[in-house]
Amino acid sequence: MRRKTNEGITLIALVITIIVLLILAGVTLVTLTDNNGLLTKSNNARIISKLSTVDENIRLYKAAKRIDKEIENSENPDATNEDLIKDRNIKRICNR
């Protein structure tokens, strides 16, 4: 007589697989949503990036105003920014 063999997944293996997947899902959720999680870090990085952009734009605006003032005070009122850069040290103007 031939014996019948079971060729399938057992209920215990299925339950263990589901438990492992639930543990992995829980760890993933904690990693994403914790106070020090990935979502919080990405939001903080986005805010810092926007603030840095605003700060850079303010510095560029101030530098442009200083350059315009230098052009107004120069001997050649028709000078452009490029002429001023060639004639004077631009770092001296921008680093005030």
* Cβ-derived FRET efficiency at R0 41 Å, N73 paired with R46, nearest 0.05 -> 0.50
* To do: Enumerate the calculated ³J(HN,Hα) couplings along segment 63-71 in order (Karplus 6.51 cos²θ - 1.76 cosθ + 1.60, θ = phi - 60°), each rounded to whole Hz, writing x wherever the residue is Gly or Pro.
  => 5, 5, 5, 5, 5, 4, 5, 5, 5
* Residue-by-residue Karplus 3J(HN,Hα) for segment 42-52, coefficients 6.51, -1.76, 1.60, Hz, glycine and proline x -> 5, 5, 4, 5, 5, 5, 4, 5, 5, 5, 5
* Asked: For segment 26-38, what does the Karplus curve 6.51 cos²θ - 1.76 cosθ + 1.60, with θ = phi - 60°, yield as ³J(HN,Hα) per residue in whole Hz, taken in order and with x for Gly and Pro?
  -> x, 5, 5, 5, 5, 5, 7, 9, 5, 4, 10, x, 5
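Since every read-out is calculated from the coordinates, none of them should be taken as a lab result. Worth saying up front: this structure is predicted, and the values here are computed from it rather than measured. Here Cβ is always computed from backbone atoms with ideal geometry, including for glycine, and neighbour counts include all displayed protein chains.
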